[in-house]
Amino acid sequence: MKHLTGLYGLPPESLVDLLDLAASYRAGLKHANPAFQPMLGNRRVALVFFENSTRTRFSFELAARHLGAGTLSFAAASSSVSKGETLSDTIRNLEAMQVDAFVLRHPSSGAAEFVASLTDRPVVNAGDGTHEHPTQALLDILTLREYFGRVAGLRVMILGDILHSRVARSNIFGLKALGAEIAVCGPSTLLPGGISELGIEVFTKLDEAIAWADAAIVLRLQLERATGGYIPSLQEYSASYGLTDEKLDRLRKHLPVLHPGPINREIEISNNVADRIQPPGYSSSMLLEQVTNGVAVRMAVLHRLLAD
């Protein structure tokens, strides 16, 4: 594996290899002061972020440091990009500084593939436009595999703004490759045309989707889209598609809940569902497990791309 720009077309055995390696790192992270072999000593990883990020950026930085690599943080707002520097020039300049890998987040779909065509250094896609976010999907899949002990045969419902979600696309590709059944649920205006052709279930009623699913991945409702005609109002969206205890309890359904963050609380997901760690009722939040698994997954990806 030279780059990780997406999960589309990635062989199942490659996915399983990354998940297995991430699981071994996850076991180490459970210790108070984890110690890992510094196999990436003297390597330098450039974190090239053209969009804001908390979880993804910090987890890549921690992952690199756990493995002994140094990091260079790039923020577009404080760089020469503000003076008109192109993406290709930015990458070539960083390459000339002898960085060993690029972790790229960019608002344009296809940016990661473009950068991979420019450099012989490994490129990791940390989210590009509405295309893919492969490491987010891998940490979601690892979280599900830890909880259920398997992926094949699971029914996973992805809820919310599918149309604009790179997380949804990567999860569909990765989960289907590993034998899970996938459904999407949301208002028809937030579902891509022809999405059923991917061989997945499509629901526009949340009760039906909850009854079908073993687990739910709730997506962030992109508030910048809310006034663009996709939904009537946030209140109406929340009433129909917000995941709440009341909706889960009505169906008496225990449903592990994932969310890539950041959360719009009381809009796409209620506080109770987002924060419930133990399952005394009919839902349990996996959000913090996802955050820890994110570090483990990104350690596995950097290991495979740089150490191997």
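Just so you know, in segment 244-265 the residues that are in a loop (DSSP other than H, G, I, E, B) and more than 21 Å from residue 168 (Cα to Cα) include one that is nearest to the chain's Cα centre (by Cα), and it is 254. Residue 7 meets all of the listed conditions (1) within 17 Å of residue 68 (Cα to Cα); (2) assigned to a loop (DSSP other than H, G, I, E, B) but one, namely (1). For segment 143-156, a residue qualifies if it is crowded, with 20+ Cβ neighbours inside 10 Å and either under 11 Å from the mean Cα position of the chain (by Cα) or of a type in the set (Ser, Thr, Tyr) (or both), and exactly one does: 143.
Based on what the data block shows, is residue 241 more than 20 Å from the chain's Cα centre (by Cα) and crowded, with 23+ Cβ neighbours inside 10 Å?
yes
Being within 23 Å of residue 288 (Cβ to Cβ), among the β-branched types (Val, Ile, Thr), modelled with pLDDT of 95 or more and touching a Phe, Trp or Tyr at 6+ places or on another chain (Cβ under 9 Å), is that true of even one residue in segment 91-111? Yes, segment 91-111 has at least one match. Taking residues in segment 250-264 that are in the same structural domain as residue 216 (by TED's automatic domain parsing), and partners anywhere that are in a loop (DSSP other than H, G, I, E, B) and buried (at least 19 other Cβ atoms within 10 Å of the Cβ), the pairs with Cβ atoms closer than 6 Å and at least 6 places apart or on different chains are 256/286; 258/286; 264/221. So which residues in segment 160-214 are in contact (Cβ under 8 Å) with a residue 24 or more places away in the chain, in contact with a Ser or Thr (Cβ under 6 Å, 6 or more places away or on another chain) and not in a helix (DSSP H, G or I)? 164 - this is the single residue of segment 160-214 that is in contact (Cβ under 8 Å) with a residue 24 or more places away in the chain, in contact with a Ser or Thr (Cβ under 6 Å, 6 or more places away or on another chain) and not in a helix (DSSP H, G or I).
Which of the residues that make up segment 42-61 are closer than 22 Å to residue 120 by Cα and small (Gly, Ala, Ser)? Across segment 42-61, the qualifying residue is only 46. Among the conditions (1) within 29 Å of residue 103 (Cα to Cα); (2) assigned to a loop (DSSP other than H, G, I, E, B), residue 152 misses just one, which is (1). I'd like to verify a number: residues in segment 129-146 that are in a helix (DSSP H, G or I) and modelled with pLDDT under 95, how many? The total comes to 0. The single residue among 109, 165, 188 that is within 29 Å of residue 239 (Cβ to Cβ) and over 13 Å from the mean Cα position of the chain (by Cα) turns out to be 188.
The values are calculated or read from the model by the stated rules, or taken from the named source; none is laboratory data. Since we're looking at a predicted model, the values are computed, not measured. We place every Cβ from the backbone using ideal geometry, glycine too, and count neighbours over all the protein chains shown.
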